[in-house]
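Here is the structure we will look at, set down as structure tokens.
The values are calculated or read from the model by the stated rules, or taken from the named source; none is laboratory data. Predicted, not measured: the structure shown is a model, and the values here were computed from it. Cβ coordinates were reconstructed from backbone atoms using ideal geometry, including for glycine residues, and neighbour counts include every protein chain displayed. Please note that ligands, DNA and RNA were not included when accessible areas were found on the heavy atoms of the full protein model with its side chains. Shrake-Rupley method; radii C 1.70, N 1.55, O 1.52, S 1.80 Å.
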Amino acid sequence: MTIEPAKTALVLIEYQNDFVSDGGAFHGAVEAVMEKTDMLANTRKAVAAARAAGVTIIHAPIMFAPGYNEITSHPYGILKGVVDGNAFVKGEWGAQIADDLAPQPGDIVVEGKRGLDTFASTNLDFILRSKGITTIAIGGFLTNCCVESTMRTGYEHGYQVITLSDCVAATSQEEHDNALKYDFPMFSTPMPAAEFTAQL
């Protein structure tokens with residue numbers, strides 16, 4: 001695999017306080033897997049190396065106006081958990097991107113993410129194509145949810161997709177491991193962050 005930094009974007013999905021930080025609505029659910037993969041440290045290293053190499057850094061937070069009027073009044077599945085947990089509310093601490101991975105000058109923050117697939121409700125595809133991006137590397141939350149959904153669509157859209165296997169976390173080790181073992185290789189090239197940065 002050839003990675004051309006100028007044609008590559010590192011897409012950081014939901015590195016927000018509600019996942020990343022103590023006191024976040026879902027931090028307790030993902031903390032164990034985060035610690036096992038050391039995902040935050042790995043992501044920080046990957047971002048620093050990618051930024052230095054000229055890779056486009058894209059942040060993809062999910063957030064909702066108070067009251068969650070952007071989605072159905074009868075949510076189910078993962079979005080019901082978001083509503084019940086009062087998570088990712090725009091303007092509140094939980095929805096903020098964690099300080100350790102805060103956007104830097106030159107980074108892009110994708111707006112409008114309201115569901116699982118980052119492509120679905122944002123202008124991510126437009127941004128990537130307008131910048132001539134052909135490869136996307138993905139890290140974030142959850143391994144088997146938003147990361148996987150975005151990976152699948154990126155694959156369908158014809159991008160070369162890399163999933164950073166030690167920069168993702170799920171709510172259980174089993175779910176995380178199953179996604180990496182069975183799903184990720186079908187729609188991406190999984191690799192640890194160190195391998196990705198070594199190829200830049």
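For the stretch 28-137, a crude dipole built from +1 on the beta carbon of Lys and Arg and -1 on the beta carbon of Asp and Glu, taken about the Cα centre, is about 320 debye to the nearest 20. Given a 1.4 Å probe and the protein chains as shown, Asp183 ends up with an accessible area of around 40 Å².
Straight-line cross-link partners of Lys7 among the aspartates and glutamates, defined as a Cα under 19 Å from its Cα and at least 8 positions apart when in the same chain: Asp107, Asp125, Glu156, Glu195. Classify the stretch 153-200 from the C-alpha gyration tensor, please: rounded if a/c falls under 1.5, else prolate or oblate depending on whether a/b exceeds b/c. Note, shape of the stretch 153-200 comes out oblate.
Find out how many positive minus negative residues lie around Thr150, taking Lys and Arg as positive, Asp and Glu as negative, among other residues whose Cβ is under 14 Å from that of Thr150. It would help to have the intermediate numbers written out before the result.
On the way: positive: Lys113, Arg114, Arg152; negative: Glu14, Asp117, Asp125, Glu148, Glu156, Asp183.
Once positives and negatives cancel, what remains is -3.
In this structure Glu174 has an accessible area near 130 Å², from a 1.4 Å probe over the protein heavy atoms.
Comparing Ala102, Ala25, Ala50 in a Gaussian network model of the chain, where Cα atoms under 10 Å apart are tied by springs, the biggest mean-square fluctuation is seen for Ala102. Given a 1.4 Å probe and the protein chains as shown, Ile133 ends up with an accessible area of around 10 Å². Using only Cα coordinates, the Kirkwood hydrodynamic radius of the stretch 112-200 works out to 13.2 Å. Largest accessible area first, the residues Tyr155, Tyr68 order themselves as Tyr155, Tyr68 under a 1.4 Å probe with ligands, DNA and RNA left out.
Convex hull volume of the C-alpha atoms in the stretch 59-114, normalised per residue: 83 Å³.
Could you work out the mean projected area of the convex hull around the alpha carbons of the stretch 1-117, in square nanometres to one decimal? Numbers along the way, then the final one.
On the way: hull surface 33.2 nm².
For the stretch 1-117, averaging the hull's shadow over all directions gives 8.3 nm².
Against the longest alpha carbon principal axis of the chain, how many degrees, from 0 to 90 and to the nearest 10, is the axis of helix 146-156 turned? Around 50 degrees separate the two axes. GNM on the chain, alpha-carbon springs under 10 angstrom: the most fluctuating residue among Ile71, Ile13, Ile108 is Ile71. Based on DSSP H segments of at least four residues, each scored -39500 (n - 2.57), the chain has a per-residue ellipticity at 222 nm of -9500 deg cm²/dmol. Histogrammed with a bin width of 10 Å, the alpha carbon distances of the stretch 80-147 distribute as 15, 48, 31, 5 percent, first bin at zero. Here the Gaussian network model covers the chain, with springs between Cα atoms less than 10 Å apart; of Arg44, Arg129, Arg152, Arg129 fluctuates the most.
Can you pull a Stokes-Einstein diffusion coefficient for the stretch 12-68 at 20 °C (1.002 mPa s), Rh from Kirkwood over Cα pairs, as a whole number of µm²/s? Intermediate results must be reported in sequence, preceding the final value.
On the way: Rh = 12.8 Å.
Value of D from the Cα-based Kirkwood radius: 168 µm²/s.
For Tyr15, neighbours were defined as the other residues whose beta-carbon sits under 13 Å from its Cβ, and their charges (Lys and Arg +1, Asp and Glu -1) total -3. Taking the longest Cα principal axis of the chain as reference, the axis of helix 39-53 is set at about 40 degrees. The residues packed around Leu164, meaning those with a beta-carbon under 11 Å from its beta-carbon, carry a net charge of -1 if Lys and Arg are +1 and Asp and Glu are -1.
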